[in-house]
Amino acid sequence: MSSSNPSDSSAPSGAAVLATAPALRLDGIRKVYGTGENAIVAVDHASLTVGGGEIVALLGPSGSGKTTLLSIAGGLLAATEGTVVVGGEDISGHSPRELTEFRRSKVGFVFQSVNLVPFLTAEENLLVVSELAGARGAARKQARTRAKELLAELGLSHRAGNLPAQLSGGERQRVAIGRALFNSPALVLFDEPTSALDTKIGEQVMELIQAEMRSRGTASVIVTHDTRMTHYADRTVRIVDGVLGLADAAGDVSGDH
Amino acid sequence: MNLALTELRRRPSRFTVATVVLTFLSLLLLLLGGLLDGLYLGSTGAIRAQEADVIVYSDSARDSFLRSRITPDMREVVEGVDGVTEVGGLGFTLLGATVPGESDLADVAVAGYELAPSGVPAPPPAGHAWADDRLRDAGVAIGDTLLVGPAATPIVVDGWVEDTNYLLQGGLWVTLDTWRAVQNANRPDAFLADGVVQVLVVRGEGDIGPAIDAATGSTSSLTRDEAVNALPGVKEQRSTFNAIIYSTLAVVLAVVGLFFSLLTLERTGLYGVLKAIGASTRRLFVGVVLQAVVVAVIAFVIGGALATLADRALPADVPLQLTTGRYVFTFVALIVAAVLGSAVSLRRVTRIDPASAIGSAA
Ligand SMILES: Nc1ncnc2c1ncn2[C@@H]1O[C@H](COP(=O)(O)OP(=O)(O)O)[C@@H](O)[C@H]1O
Ligand SMILES: [Mg+2]
């Protein structure tokens, strides 16, 4: 039941997408919170394929199930029904331990609210990722080099030694992006990455996200309720009341920005 | 970079309260333990030093040295028991002694003996003594003539011995005859006839205690450890102090448990994010335990230093004695309490849902 699905809107449309294996495949995902009379169907039979290197915007109003779907895609939440395959790895039946390992090595997350480790500098916040992987000796040294490179790329070299409290909102979100990219995951999931930022800073962050994803060929799903943000994506998928709909043809799909 | 240790270094103020409280608790543990050890060691040294297989009391003595009397006839019977190889008399008299040049009396335990206890040479000449070196604190020096008891019986100090005190009085080890002379001059109410001692120190092979008691029909034999525990107050002191020490450890456990579960509660958000990006429960939990152990180690080091200072500052007649064993016990107990106390947070850490990091829109 994996070969074709009517609501599967996977046709790659961005020029940068040279998909071989899809980065993400959601198949018949259903998520019910609670039981009995209190049951809430947050996501209903959602299927979505994101090609390698593709940037997909997931657009929907508040409460429509965007965060739930993203959490399922990233192995943060178990679906009630359906299959989740990330980079060829079917995580639907993973144990919590396997999911921890999966999240550590295969996906990157950027959350809505900033959540860096408050007592670590910008650079150390990136290095947390390698510490969680148990890096020692040479690997640790390599990780430091990589953190410095990433911070330079994100325009944060001069902030490497600053604590989160000393950074602006935009800078903090850039550090969070660096953390998500640190392990070179094939898929990065963004949950309303700019909603806590003002419009101008938010646009800069979106440009940065787009550039970083494009240059690495990293696939991503960017959740937003703001239609202005969708033109940074290759493709937009709408979600309303937990049900996925097709994008409005090419209208939401931006080329190069 | 270790997250838990980095937090300790960068935000020491968050751990100050716990460290200060644990420092005082470890100081308390060391002082209580030191007092217990001081009381125990100072009360029992003279008996622990005996190289005896059994100690023979008269059976009317109810295991008290001071009430016990062994006559030469009884001694002869004991010497004839199968398996008995060596028999020596032993007796104690507790008195005050005038020390040359000192205004305060020194508390002494004049001990008459024949078989040398461990660390004590063979009996000195009549009228001379080997003195326990704790008597130095009372101003005693080698060559001094102490005037013992109300009768001011002179005893000359010939040398030092260690850990031989009896009921917190400084041991003065003399011949049986000298001891009897001291007793009879100062305690005419408890006059000792020639050849009479309080107890017999007996060495031998096999189960000689019951054999001796059966042969005499009027003695009661204890092993050395039983004799130590039969000293007045020893068992009571130990159980009282240990009850206080273990209650204090329960407080340590509660303090660590409470402090780190509050800290964990405060970190729910952070732990959710760390779990979301791939931290295992185990790693986070180990971090909590590590922090508790480091706090306990710091508290022990400061508390230990304070206890050492207190030991120096306290007057010599406070029976505080800080042994290496006490430091080791306190350290191990603190670490165990820190690990167990912080382990209370395991459930809380386990229950933190990685999905909480992503949450819905605020
Ligand atoms: N942990 C939860 N328990 C119960 N209901 C939840 C939970 N999380 C989300 N929901 C509900 O599921 C629906 C979808 O929520 P969410 O995925 O957060 O939507 P969005 O991110 O689009 O705002 C909402 O009705 C929300 O109230
Ligand atoms: Mg949401």
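No value in this document is a laboratory result; all are computed from the given coordinates. Just so we're clear, the structure is a prediction, and the values are computed from it rather than from any experiment. Cβ sites come from the backbone with ideal geometry, for glycine too, and all protein chains shown count toward neighbours.
General remarks:
- Label-to-label distance for residue A:204 and residue A:160 is 2.1 nm, based on points extended 7 Å past Cα in the beta-carbon direction.
- Whether the stretch A:100-168 is rounded, prolate or oblate, judged on the alpha carbon gyration tensor where a/c under 1.5 counts as rounded: oblate
- Which of A:136, A:238, A:228 has the fewest Cβ neighbours within 10 Å, and the rest in rising order: A:136, A:228, A:238
- Note, ³J(HN,Hα) from phi for the stretch B:51-66, Karplus 6.51, -1.76, 1.60, rounded to Hz, x at Gly and Pro: 8, 10, 7, 9, 10, 9, 10, 6, 6, 7, 7, 6, 6, 10, 4, 5
- Calculated P(r) tail over 30 Å for the stretch B:54-222, as whole % of Cα pairs: 18 percent
- The alpha carbon convex hull volume per residue for the stretch B:277-325 rounds to 79 Å³.
- The mean number of Cβ atoms from other chains found within 10 Å of a Cβ in peptide B:277-287 is 5, as a whole number.
- Each eigenvalue of the Cα gyration tensor of the stretch B:152-296, multiplied by 5 and square-rooted, gives one semi-axis; in descending order these are 62, 21, 14 Å.
- Kirkwood Rh in Å, taken over all unlike Cα pairs in the protein assembly as shown: 30.7 Å
- Each residue in A:106, A:200 was given a count of other beta-carbon atoms within 10 angstrom of its own, and listing them fewest first yields A:200, A:106.
- When the alpha carbon gyration tensor of the stretch B:193-255 is reduced to an equivalent ellipsoid, the three semi-axes, largest first, read 40, 14, 9 Å.
- For residue B:328 and residue B:250, the difference between the fully extended length at 0.36 nm per residue and the C-alpha to C-alpha distance is 26.3 nm.
- Residue B:136 paired with residue B:238, simple spin-label distance in nm, labels 7 Å along Cα-to-beta-carbon: 2.9 nm
- Here the peptides B:238-246, B:83-91, B:319-327 are ranked by packing, the mean other Cβ count within 10 Å, and the order with the highest first is B:83-91, B:319-327, B:238-246.
- Cα gyration tensor shape of the stretch A:60-145, rounded if a/c is under 1.5, else prolate or oblate by comparing a/b with b/c: oblate
- What the Cβ-Cβ distance of residue B:317 and residue B:347 gives, at R0 = 41 Å and to the nearest 0.05, is a FRET efficiency of 0.25.
- Extension gain (nm, one decimal) between residue B:5 and residue B:156, 0.36 nm per residue minus Cα-Cα: 48.3 nm
- Cβ-Cβ distance of residue B:336 and residue B:60, R₀ of 35 Å, FRET efficiency by 1/(1 + (r/R0)^6): the value works out to about 0.15.
- Radius, Kirkwood style, for the stretch A:56-214 when every pair of distinct Cα atoms is counted (Å): 16.5 Å
- Inter-site label distance for residue B:265 and residue A:227 at 7 Å from Cα along Cβ, in nm: 4.7 nm
- Per residue, chain B reaches -16500 deg cm²/dmol at 222 nm when only DSSP H runs of four or more residues are counted, each adding -39500 (n - 2.57).
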